[in-house]
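Asker: One structure coming up, written as C-alpha coordinates, with questions to follow.
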Ligand SMILES: Cc1cc2nc3c(=O)[nH]c(=O)nc-3n(C[C@H](O)[C@H](O)[C@H](O)COP(=O)(O)OP(=O)(O)OC[C@H]3O[C@@H](n4cnc5c(N)ncnc54)[C@H](O)[C@@H]3O)c2cc1C
(Lines give C-alpha, C1' and ligand atoms only; values in the text may rest on other atoms or scores of the structure.)
Protein backbone atom coordinates (compact mmCIF):
# COMPACT_ATOMS: atom_id res chain seq x y z
CA UNK A 1 0.00 0.00 0.00
CA UNK A 2 1.30 3.46 -0.85
CA UNK A 3 2.43 5.66 2.04
CA UNK A 4 -0.10 8.38 2.87
CA UNK A 5 0.64 11.75 1.38
CA UNK A 6 -1.46 14.63 0.11
CA UNK A 7 1.10 15.39 -2.59
CA UNK A 8 1.35 13.99 -6.10
CA UNK A 9 4.67 12.34 -6.88
CA UNK A 10 6.97 13.64 -9.63
CA UNK A 11 5.75 11.11 -12.18
CA UNK A 12 2.11 12.00 -11.51
CA UNK A 13 2.87 15.71 -11.79
CA UNK A 14 4.57 15.09 -15.11
CA UNK A 15 1.57 13.17 -16.50
CA UNK A 16 -0.84 15.79 -15.15
CA UNK A 17 1.10 18.63 -16.78
CA UNK A 18 1.32 16.75 -20.07
CA UNK A 19 -2.45 16.11 -20.07
CA UNK A 20 -3.11 19.71 -19.07
CA UNK A 21 -1.02 20.86 -22.03
CA UNK A 22 -3.08 18.70 -24.41
CA UNK A 23 -6.33 19.92 -22.85
CA UNK A 24 -5.24 23.58 -23.09
CA UNK A 25 -3.65 23.47 -26.55
CA UNK A 26 -5.83 20.95 -28.42
CA UNK A 27 -9.13 20.34 -26.61
CA UNK A 28 -10.10 23.78 -25.27
CA UNK A 29 -9.57 25.69 -28.55
CA UNK A 30 -11.79 23.17 -30.38
CA UNK A 31 -14.55 23.08 -27.75
CA UNK A 32 -16.95 25.75 -29.03
CA UNK A 33 -16.77 24.51 -32.63
CA UNK A 34 -17.64 20.88 -31.84
CA UNK A 35 -20.31 21.91 -29.37
CA UNK A 36 -22.01 23.85 -32.20
CA UNK A 37 -21.48 21.10 -34.75
CA UNK A 38 -22.86 18.43 -32.40
CA UNK A 39 -20.62 15.86 -34.04
CA UNK A 40 -17.94 13.46 -32.88
CA UNK A 41 -14.62 15.37 -33.03
CA UNK A 42 -12.72 12.70 -34.98
CA UNK A 43 -9.68 14.94 -35.70
CA UNK A 44 -9.25 15.65 -31.98
CA UNK A 45 -9.56 11.95 -31.10
CA UNK A 46 -6.93 11.29 -33.75
CA UNK A 47 -4.61 13.89 -32.20
CA UNK A 48 -5.13 12.20 -28.83
CA UNK A 49 -4.29 8.83 -30.43
CA UNK A 50 -1.11 10.27 -32.00
CA UNK A 51 0.26 11.46 -28.65
CA UNK A 52 -0.84 8.29 -26.84
CA UNK A 53 -3.79 9.62 -24.84
CA UNK A 54 -6.36 7.66 -26.84
CA UNK A 55 -5.20 4.10 -26.16
CA UNK A 56 -5.80 1.26 -23.75
CA UNK A 57 -2.14 1.38 -22.70
CA UNK A 58 -2.51 4.91 -21.40
CA UNK A 59 -5.60 4.12 -19.30
CA UNK A 60 -4.10 0.84 -18.07
CA UNK A 61 -1.02 2.75 -16.88
CA UNK A 62 -3.18 5.27 -15.03
CA UNK A 63 -5.39 2.52 -13.65
CA UNK A 64 -2.45 0.65 -12.17
CA UNK A 65 -1.06 3.72 -10.42
CA UNK A 66 -0.84 2.27 -6.88
CA UNK A 67 -2.16 5.47 -5.27
CA UNK A 68 -5.37 5.23 -7.33
CA UNK A 69 -4.99 8.85 -8.47
CA UNK A 70 -3.97 8.17 -12.08
CA UNK A 71 -7.50 7.92 -13.51
CA UNK A 72 -9.10 10.80 -11.55
CA UNK A 73 -6.17 13.05 -12.41
CA UNK A 74 -6.46 12.20 -16.12
CA UNK A 75 -10.23 12.72 -16.12
CA UNK A 76 -10.00 16.05 -14.33
CA UNK A 77 -7.47 17.45 -16.79
CA UNK A 78 -9.21 16.23 -19.97
CA UNK A 79 -12.65 17.41 -18.80
CA UNK A 80 -11.11 20.71 -17.73
CA UNK A 81 -10.38 21.09 -21.46
CA UNK A 82 -13.95 20.35 -22.54
CA UNK A 83 -16.50 17.81 -21.39
CA UNK A 84 -18.02 16.89 -24.79
CA UNK A 85 -14.67 16.34 -26.48
CA UNK A 86 -13.21 14.58 -23.45
CA UNK A 87 -16.16 12.18 -23.35
CA UNK A 88 -15.54 11.41 -27.01
CA UNK A 89 -11.97 10.55 -26.02
CA UNK A 90 -12.73 8.50 -22.90
CA UNK A 91 -16.16 7.04 -23.89
CA UNK A 92 -14.57 3.99 -25.47
CA UNK A 93 -13.13 3.21 -22.04
CA UNK A 94 -16.60 2.33 -20.71
CA UNK A 95 -16.90 -0.52 -23.23
CA UNK A 96 -13.26 -1.51 -22.72
CA UNK A 97 -13.79 -1.76 -18.95
CA UNK A 98 -16.84 -3.98 -19.62
CA UNK A 99 -14.57 -6.40 -21.49
CA UNK A 100 -11.69 -6.11 -19.00
CA UNK A 101 -14.03 -6.82 -16.08
CA UNK A 102 -15.84 -9.82 -17.57
CA UNK A 103 -13.90 -11.04 -20.60
CA UNK A 104 -11.40 -13.86 -21.01
CA UNK A 105 -7.80 -13.06 -21.90
CA UNK A 106 -8.52 -14.00 -25.49
CA UNK A 107 -11.55 -11.69 -25.65
CA UNK A 108 -9.54 -8.84 -24.16
CA UNK A 109 -6.75 -9.36 -26.67
CA UNK A 110 -9.13 -9.66 -29.63
CA UNK A 111 -11.65 -6.91 -29.03
CA UNK A 112 -10.02 -4.06 -27.12
CA UNK A 113 -7.53 -3.19 -29.90
CA UNK A 114 -10.48 -3.07 -32.33
CA UNK A 115 -12.26 -0.64 -30.02
CA UNK A 116 -9.47 1.93 -30.32
CA UNK A 117 -8.10 1.29 -33.82
CA UNK A 118 -4.83 3.17 -34.36
CA UNK A 119 -3.69 6.74 -34.92
CA UNK A 120 -4.18 6.44 -38.70
CA UNK A 121 -7.63 4.90 -38.41
CA UNK A 122 -9.20 5.65 -35.03
CA UNK A 123 -12.27 3.73 -33.91
CA UNK A 124 -14.62 4.10 -30.96
CA UNK A 125 -16.64 1.62 -28.90
CA UNK A 126 -20.02 1.75 -27.16
CA UNK A 127 -21.39 0.23 -23.96
CA UNK A 128 -25.12 -0.43 -24.31
CA UNK A 129 -27.02 -1.15 -21.12
CA UNK A 130 -29.79 1.49 -20.74
CA UNK A 131 -33.14 0.94 -22.45
CA UNK A 132 -36.24 3.11 -22.92
CA UNK A 133 -37.91 1.33 -19.96
CA UNK A 134 -34.79 0.44 -18.02
CA UNK A 135 -32.75 3.46 -16.89
CA UNK A 136 -32.23 3.62 -13.13
CA UNK A 137 -34.13 0.34 -12.88
CA UNK A 138 -31.60 -1.82 -14.70
CA UNK A 139 -33.36 -5.03 -13.63
CA UNK A 140 -36.32 -4.26 -15.90
CA UNK A 141 -34.14 -4.62 -19.00
CA UNK A 142 -35.89 -6.37 -21.91
CA UNK A 143 -33.23 -6.99 -24.56
CA UNK A 144 -33.02 -10.76 -24.85
CA UNK A 145 -30.11 -13.02 -25.76
CA UNK A 146 -31.12 -16.55 -26.77
CA UNK A 147 -28.60 -19.31 -27.33
CA UNK A 148 -28.83 -21.23 -30.62
CA UNK A 149 -27.01 -24.39 -29.62
CA UNK A 150 -26.96 -25.95 -33.11
CA UNK A 151 -24.97 -23.02 -34.48
CA UNK A 152 -23.20 -22.01 -31.25
CA UNK A 153 -24.54 -18.49 -31.73
CA UNK A 154 -26.38 -15.99 -29.54
CA UNK A 155 -29.34 -14.12 -31.01
CA UNK A 156 -29.90 -10.60 -29.61
CA UNK A 157 -33.16 -8.66 -29.91
CA UNK A 158 -34.14 -5.36 -28.30
CA UNK A 159 -33.66 -1.60 -28.22
CA UNK A 160 -30.88 0.13 -26.31
CA UNK A 161 -30.88 3.84 -25.69
CA UNK A 162 -28.56 6.66 -24.60
CA UNK A 163 -25.54 4.75 -25.84
CA UNK A 164 -22.44 6.95 -26.00
CA UNK A 165 -20.98 6.22 -29.48
CA UNK A 166 -23.97 3.95 -30.20
CA UNK A 167 -24.22 3.09 -33.90
CA UNK A 168 -20.90 4.75 -34.83
CA UNK A 169 -18.83 2.32 -32.75
CA UNK A 170 -16.64 -0.33 -34.30
CA UNK A 171 -17.39 -2.66 -31.38
CA UNK A 172 -20.58 -2.57 -29.26
CA UNK A 173 -20.76 -4.22 -25.85
CA UNK A 174 -24.41 -5.12 -25.21
CA UNK A 175 -25.93 -6.19 -21.89
CA UNK A 176 -28.90 -8.54 -22.37
CA UNK A 177 -31.23 -10.82 -20.42
CA UNK A 178 -30.39 -14.51 -20.59
CA UNK A 179 -32.68 -15.59 -17.72
CA UNK A 180 -35.63 -13.28 -17.09
CA UNK A 181 -36.52 -15.00 -13.78
CA UNK A 182 -33.30 -13.84 -12.13
CA UNK A 183 -33.64 -10.05 -12.57
CA UNK A 184 -30.26 -8.32 -12.89
CA UNK A 185 -28.51 -11.61 -11.93
CA UNK A 186 -29.81 -13.05 -15.20
CA UNK A 187 -27.97 -10.52 -17.37
CA UNK A 188 -24.90 -11.18 -19.51
CA UNK A 189 -22.67 -9.01 -21.72
CA UNK A 190 -21.94 -9.65 -25.38
CA UNK A 191 -19.54 -8.30 -27.95
CA UNK A 192 -21.17 -7.28 -31.21
CA UNK A 193 -18.31 -7.29 -33.74
CA UNK A 194 -17.90 -4.64 -36.46
CA UNK A 195 -20.49 -4.71 -39.29
CA UNK A 196 -22.68 -7.39 -37.73
CA UNK A 197 -26.02 -7.53 -39.61
CA UNK A 198 -29.08 -6.54 -37.58
CA UNK A 199 -27.41 -3.83 -35.45
CA UNK A 200 -28.37 -0.32 -36.47
CA UNK A 201 -28.43 3.18 -35.03
CA UNK A 202 -31.84 4.55 -34.05
CA UNK A 203 -32.33 8.23 -33.30
CA UNK A 204 -29.30 10.34 -32.49
CA UNK A 205 -30.18 12.62 -29.58
CA UNK A 206 -29.88 16.40 -29.80
CA UNK A 207 -28.66 17.25 -26.34
CA UNK A 208 -28.52 20.11 -23.83
CA UNK A 209 -24.76 19.66 -23.24
CA UNK A 210 -21.74 17.47 -24.03
CA UNK A 211 -22.90 17.95 -27.61
CA UNK A 212 -19.61 16.82 -29.15
CA UNK A 213 -20.27 13.37 -27.70
CA UNK A 214 -22.49 11.17 -29.85
CA UNK A 215 -25.47 9.65 -27.99
CA UNK A 216 -27.96 7.39 -29.79
CA UNK A 217 -30.35 4.48 -29.70
CA UNK A 218 -29.07 1.12 -30.84
CA UNK A 219 -31.54 -1.32 -32.43
CA UNK A 220 -30.79 -5.04 -32.25
CA UNK A 221 -32.89 -7.00 -34.73
CA UNK A 222 -31.99 -10.71 -34.77
CA UNK A 223 -28.33 -9.89 -34.27
CA UNK A 224 -26.38 -13.16 -34.39
CA UNK A 225 -22.99 -13.28 -32.69
CA UNK A 226 -20.69 -16.31 -32.28
CA UNK A 227 -20.69 -18.13 -28.93
CA UNK A 228 -17.20 -16.73 -28.36
CA UNK A 229 -18.73 -13.23 -28.07
CA UNK A 230 -20.36 -13.99 -24.71
CA UNK A 231 -18.05 -12.20 -22.27
CA UNK A 232 -16.45 -14.67 -19.87
CA UNK A 233 -17.69 -17.69 -21.85
CA UNK A 234 -20.66 -20.07 -21.54
CA UNK A 235 -19.24 -22.27 -18.81
CA UNK A 236 -18.77 -19.35 -16.45
CA UNK A 237 -22.23 -17.98 -17.29
CA UNK A 238 -23.92 -21.36 -16.65
CA UNK A 239 -22.16 -21.69 -13.29
CA UNK A 240 -23.15 -18.15 -12.31
CA UNK A 241 -26.79 -18.69 -13.30
CA UNK A 242 -26.90 -22.00 -11.40
CA UNK A 243 -25.64 -20.26 -8.24
CA UNK A 244 -28.20 -17.47 -8.63
CA UNK A 245 -31.06 -19.99 -9.15
CA UNK A 246 -29.98 -21.93 -6.09
CA UNK A 247 -29.94 -18.76 -3.97
CA UNK A 248 -33.33 -17.70 -5.38
CA UNK A 249 -34.81 -21.12 -4.47
CA UNK A 250 -33.45 -20.87 -0.94
CA UNK A 251 -35.34 -17.61 -0.57
CA UNK A 252 -32.61 -15.23 -1.63
CA UNK A 253 -30.85 -14.11 1.53
CA UNK A 254 -28.16 -11.45 1.31
CA UNK A 255 -26.37 -11.89 -2.00
CA UNK A 256 -23.15 -9.94 -2.31
CA UNK A 257 -23.79 -7.58 -5.19
CA UNK A 258 -20.67 -7.62 -7.37
CA UNK A 259 -22.06 -5.04 -9.78
CA UNK A 260 -22.46 -2.58 -6.90
CA UNK A 261 -18.81 -2.98 -5.91
CA UNK A 262 -17.84 -2.25 -9.53
CA UNK A 263 -19.98 0.89 -9.57
CA UNK A 264 -18.40 2.10 -6.33
CA UNK A 265 -15.00 1.75 -7.99
CA UNK A 266 -16.00 3.42 -11.29
CA UNK A 267 -18.15 6.30 -10.03
CA UNK A 268 -15.23 8.38 -8.70
CA UNK A 269 -14.03 8.67 -12.32
CA UNK A 270 -17.28 10.48 -13.19
CA UNK A 271 -16.79 12.61 -10.08
CA UNK A 272 -13.35 13.56 -11.41
CA UNK A 273 -14.87 14.61 -14.75
CA UNK A 274 -17.24 16.89 -12.83
CA UNK A 275 -14.33 18.35 -10.84
CA UNK A 276 -12.60 19.16 -14.16
CA UNK A 277 -15.62 21.06 -15.51
CA UNK A 278 -16.20 22.87 -12.20
CA UNK A 279 -12.56 23.92 -11.96
CA UNK A 280 -12.59 25.21 -15.53
CA UNK A 281 -15.63 27.43 -14.85
CA UNK A 282 -14.21 28.62 -11.52
CA UNK A 283 -10.94 29.69 -13.17
CA UNK A 284 -12.77 31.72 -15.82
CA UNK A 285 -14.92 33.34 -13.11
CA UNK A 286 -11.93 34.17 -10.89
CA UNK A 287 -10.04 35.86 -13.70
CA UNK A 288 -13.13 37.75 -14.82
CA UNK A 289 -13.85 38.95 -11.29
CA UNK A 290 -10.28 40.26 -10.98
CA UNK A 291 -10.38 42.20 -14.25
CA UNK A 292 -13.99 43.37 -14.69
CA UNK A 293 -14.49 46.77 -13.10
CA UNK A 294 -17.77 48.28 -11.96
CA UNK A 295 -18.24 51.23 -9.62
CA UNK A 296 -14.54 52.02 -10.12
CA UNK A 297 -13.09 48.75 -8.79
CA UNK A 298 -12.75 45.10 -9.77
CA UNK A 299 -15.98 43.22 -8.99
CA UNK A 300 -13.99 40.80 -6.76
CA UNK A 301 -13.64 43.73 -4.33
CA UNK A 302 -17.31 43.15 -3.50
CA UNK A 303 -17.74 40.57 -0.79
CA UNK A 304 -20.85 39.28 -2.56
CA UNK A 305 -18.68 38.18 -5.47
CA UNK A 306 -15.56 37.20 -3.49
CA UNK A 307 -17.49 34.92 -1.12
CA UNK A 308 -19.07 33.12 -4.06
CA UNK A 309 -15.58 32.40 -5.39
CA UNK A 310 -14.45 31.23 -1.95
CA UNK A 311 -17.38 28.82 -1.77
CA UNK A 312 -16.82 27.61 -5.33
CA UNK A 313 -13.17 26.79 -4.68
CA UNK A 314 -13.92 25.16 -1.32
CA UNK A 315 -16.55 22.86 -2.88
CA UNK A 316 -14.26 21.93 -5.76
CA UNK A 317 -11.42 21.00 -3.42
CA UNK A 318 -13.81 19.03 -1.17
CA UNK A 319 -15.17 17.19 -4.22
CA UNK A 320 -11.67 16.31 -5.39
CA UNK A 321 -10.75 14.96 -1.96
CA UNK A 322 -13.85 12.72 -1.92
CA UNK A 323 -12.97 11.50 -5.42
CA UNK A 324 -9.36 10.81 -4.47
CA UNK A 325 -10.39 9.00 -1.29
CA UNK A 326 -12.75 6.67 -3.16
CA UNK A 327 -10.19 6.07 -5.93
CA UNK A 328 -7.54 5.25 -3.34
CA UNK A 329 -9.97 2.86 -1.62
CA UNK A 330 -10.78 1.12 -4.91
CA UNK A 331 -7.17 0.49 -5.86
CA UNK A 332 -6.29 -0.69 -2.34
CA UNK A 333 -9.27 -3.04 -2.14
CA UNK A 334 -10.89 -1.22 0.79
CA UNK A 335 -14.57 -2.10 1.31
CA UNK A 336 -16.97 0.72 0.48
CA UNK A 337 -18.83 0.45 3.78
CA UNK A 338 -20.39 3.91 3.39
CA UNK A 339 -20.70 3.85 -0.43
CA UNK A 340 -17.79 6.28 -0.64
CA UNK A 341 -17.66 5.93 -4.45
CA UNK A 342 -21.28 7.04 -4.77
CA UNK A 343 -20.63 9.84 -2.26
CA UNK A 344 -17.83 11.23 -4.40
CA UNK A 345 -19.92 11.14 -7.57
CA UNK A 346 -22.93 12.72 -5.85
CA UNK A 347 -20.99 15.59 -4.31
CA UNK A 348 -18.76 16.31 -7.30
CA UNK A 349 -21.60 16.28 -9.84
CA UNK A 350 -23.83 18.54 -7.75
CA UNK A 351 -20.82 20.83 -7.18
CA UNK A 352 -20.21 21.10 -10.94
CA UNK A 353 -23.80 22.13 -11.60
CA UNK A 354 -23.74 24.73 -8.83
CA UNK A 355 -20.28 26.15 -9.53
CA UNK A 356 -20.91 26.54 -13.28
CA UNK A 357 -24.17 28.38 -12.53
CA UNK A 358 -22.29 30.68 -10.11
CA UNK A 359 -19.69 31.30 -12.83
CA UNK A 360 -22.41 32.51 -15.21
CA UNK A 361 -23.66 34.87 -12.50
CA UNK A 362 -20.18 36.30 -11.90
CA UNK A 363 -19.71 36.96 -15.62
CA UNK A 364 -23.09 38.73 -15.80
CA UNK A 365 -24.41 39.19 -19.34
CA UNK A 366 -21.19 37.84 -20.80
CA UNK A 367 -21.67 34.62 -18.85
CA UNK A 368 -24.96 34.11 -20.61
CA UNK A 369 -23.46 34.27 -24.10
CA UNK A 370 -21.51 31.82 -26.21
CA UNK A 371 -18.65 34.33 -26.39
CA UNK A 372 -17.54 32.93 -23.03
CA UNK A 373 -17.26 29.22 -22.19
CA UNK A 374 -19.11 29.14 -18.88
CA UNK A 375 -22.61 28.73 -20.35
CA UNK A 376 -21.33 25.65 -22.24
CA UNK A 377 -19.71 24.33 -19.07
CA UNK A 378 -23.00 24.78 -17.24
CA UNK A 379 -24.92 22.91 -19.95
CA UNK A 380 -22.26 20.19 -19.91
CA UNK A 381 -22.28 19.83 -16.15
CA UNK A 382 -25.92 18.72 -16.03
CA UNK A 383 -24.96 15.28 -17.34
CA UNK A 384 -22.90 14.42 -14.27
CA UNK A 385 -26.00 14.21 -12.05
CA UNK A 386 -27.69 11.91 -14.59
CA UNK A 387 -25.40 9.28 -16.11
CA UNK A 388 -23.70 6.43 -14.22
CA UNK A 389 -26.60 6.67 -11.77
CA UNK A 390 -28.58 9.85 -11.07
CA UNK A 391 -28.03 11.87 -7.87
CA UNK A 392 -31.19 10.32 -6.44
CA UNK A 393 -29.84 6.83 -7.10
CA UNK A 394 -26.50 7.79 -5.45
CA UNK A 395 -28.40 8.98 -2.37
CA UNK A 396 -30.43 5.79 -2.38
CA UNK A 397 -27.27 3.66 -2.58
CA UNK A 398 -25.53 5.65 0.18
CA UNK A 399 -28.57 5.54 2.48
CA UNK A 400 -29.17 1.82 1.95
CA UNK A 401 -25.49 1.06 2.49
CA UNK A 402 -25.46 3.05 5.73
CA UNK A 403 -28.60 1.28 6.90
CA UNK A 404 -27.28 -2.14 5.92
CA UNK A 405 -30.17 -2.61 3.53
CA UNK A 406 -29.86 -4.57 0.26
CA UNK A 407 -29.39 -2.57 -2.94
CA UNK A 408 -31.29 -3.97 -5.88
C1 LIG B 1 -25.66 11.87 -22.54
C2 LIG B 1 -25.92 10.52 -21.97
C3 LIG B 1 -25.02 9.49 -22.17
C4 LIG B 1 -25.28 8.21 -21.66
N5 LIG B 1 -24.41 7.18 -21.96
C6 LIG B 1 -24.79 5.91 -21.66
C7 LIG B 1 -24.03 4.80 -22.15
O8 LIG B 1 -23.00 4.97 -22.81
N9 LIG B 1 -24.48 3.56 -21.92
C10 LIG B 1 -25.63 3.31 -21.20
O11 LIG B 1 -25.99 2.16 -21.02
N12 LIG B 1 -26.35 4.35 -20.70
C13 LIG B 1 -25.97 5.64 -20.93
N14 LIG B 1 -26.73 6.69 -20.46
C15 LIG B 1 -27.95 6.42 -19.70
C16 LIG B 1 -27.93 6.90 -18.27
O17 LIG B 1 -27.14 6.07 -17.48
C18 LIG B 1 -29.41 6.98 -17.80
O19 LIG B 1 -29.99 8.10 -18.44
C20 LIG B 1 -29.53 7.09 -16.30
O21 LIG B 1 -29.17 5.88 -15.69
C22 LIG B 1 -30.95 7.46 -15.86
O23 LIG B 1 -31.91 6.65 -16.47
P24 LIG B 1 -33.18 7.34 -17.17
O25 LIG B 1 -32.69 8.39 -18.08
O26 LIG B 1 -34.02 6.27 -17.75
O27 LIG B 1 -33.98 8.06 -16.00
P28 LIG B 1 -35.07 7.38 -14.94
O29 LIG B 1 -34.48 6.16 -14.41
O30 LIG B 1 -36.36 7.28 -15.72
O31 LIG B 1 -35.16 8.50 -13.90
C32 LIG B 1 -35.96 9.68 -14.03
C33 LIG B 1 -35.93 10.45 -12.72
O34 LIG B 1 -36.49 9.63 -11.68
C35 LIG B 1 -35.57 9.48 -10.60
N36 LIG B 1 -35.70 8.16 -10.00
C37 LIG B 1 -35.77 6.93 -10.62
N38 LIG B 1 -35.86 5.95 -9.72
C39 LIG B 1 -35.81 6.53 -8.50
C40 LIG B 1 -35.83 6.06 -7.15
N41 LIG B 1 -35.92 4.74 -6.87
N42 LIG B 1 -35.77 6.95 -6.13
C43 LIG B 1 -35.69 8.29 -6.39
N44 LIG B 1 -35.65 8.79 -7.64
C45 LIG B 1 -35.71 7.94 -8.67
C46 LIG B 1 -34.20 9.68 -11.25
O47 LIG B 1 -33.23 10.03 -10.30
C48 LIG B 1 -34.50 10.77 -12.25
O49 LIG B 1 -34.47 12.02 -11.62
C50 LIG B 1 -26.46 7.99 -20.91
C51 LIG B 1 -27.35 9.04 -20.68
C52 LIG B 1 -27.12 10.29 -21.20
C53 LIG B 1 -28.14 11.38 -20.99
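Asker: Only one residue in 183, 202 is more than 11 Å from the ligand (Cβ to nearest atom) and in a helix (DSSP H, G or I), so which one is that?
Answerer: Just one listed residue meets the conditions, 183.
Asker: In region 1-32, how many are within 27 Å of residue 324 (Cα to Cα), free of Cβ contacts under 8 Å to residues at least 12 places away in the same chain and in a helix (DSSP H, G or I)?
Answerer: 8
Asker: Okay, moving on. Evaluate the following for residue 168: is it within 24 Å of residue 86 (Cα to Cα), buried (at least 21 other Cβ atoms within 10 Å of the Cβ), within 15 Å of the ligand (Cβ to nearest atom) and in contact (Cβ under 8 Å) with a residue 24 or more places away in the chain?
Answerer: No; evaluated as a whole, the condition is false for this residue.
Asker: Let me ask something else about it. Could you list, in sequence order, all residues of region 361-408 that are within 16 Å of the ligand (Cβ to nearest atom), assigned to a helix (DSSP H, G or I) and under 25 Å from residue 212 (Cβ atoms)?
Answerer: Hits for region 361-408 are 376, 377, 378, 379, 380, 381, 382, 383, 384, 385, 391.
Asker: In addition: Answer with yes or no whether residue 337 is under 14 Å from residue 79 (Cβ atoms), more than 15 Å from the ligand (Cβ to nearest atom) and either in contact (Cβ under 8 Å) with a residue 60 or more places away in the chain or not assigned by TED's automatic domain parsing to the domain that holds residue 324 (or both).
Answerer: no
Asker: Among the numbered criteria (1) within 18 Å of the chain's Cα centre (by Cα); (2) surrounded by fewer than 19 Cβ atoms within 10 Å (Cβ to Cβ); (3) without any contact (Cβ under 8 Å) to a residue 60 or more places away in the chain, which single criterion is violated by residue 56?
Answerer: (3)
Asker: Then there's this: Restricting attention to region 142-165, report how many residues are more than 16 Å from the ligand (Cβ to nearest atom) and either in a strand (DSSP E or B) or within 25 Å of residue 394 (Cα to Cα) (or both).
Answerer: 8
Asker: Residue under question is residue 35, and the condition is that it be without any contact (Cβ under 8 Å) to a residue 12 or more places away in the chain and in a helix (DSSP H, G or I); does it hold?
Answerer: Here the answer is no, as residue 35 does not meet what is asked.
Asker: Can you find a residue that is at pLDDT below 95 and more than 16 Å from the ligand (Cβ to nearest atom) anywhere in region 37-56?
Answerer: Scanning region 37-56 turns up at least one residue that is at pLDDT below 95 and more than 16 Å from the ligand (Cβ to nearest atom).
Asker: Among the residues that make up region 133-141, is at least one of them in contact with a strand residue (DSSP E or B) (Cβ under 7 Å, 6 or more places away or on another chain) and either under 18 Å from residue 215 (Cα atoms) or more than 16 Å from the ligand (Cβ to nearest atom) (or both)?
Answerer: No, region 133-141 contains no residue that is in contact with a strand residue (DSSP E or B) (Cβ under 7 Å, 6 or more places away or on another chain) and either under 18 Å from residue 215 (Cα atoms) or more than 16 Å from the ligand (Cβ to nearest atom) (or both).
Asker: Right, another one. From 72, 113, grab the single residue that is in contact with a helix residue (DSSP H, G or I) (Cβ under 8 Å, 6 or more places away or on another chain), surrounded by fewer than 23 Cβ atoms within 10 Å (Cβ to Cβ), part of a helix (DSSP H, G or I) and in contact (Cβ under 8 Å) with a residue 40 or more places away in the chain.
Answerer: Among 72, 113, only 113 is in contact with a helix residue (DSSP H, G or I) (Cβ under 8 Å, 6 or more places away or on another chain), surrounded by fewer than 23 Cβ atoms within 10 Å (Cβ to Cβ), part of a helix (DSSP H, G or I) and in contact (Cβ under 8 Å) with a residue 40 or more places away in the chain.
The values are calculated or read from the model by the stated rules, or taken from the named source; none is laboratory data. Here the structure is a predicted model, which is why all the values come from computation and not from measurement. Every residue, glycine among them, receives a Cβ derived from its backbone with ideal geometry; neighbour counts consider all protein chains shown.
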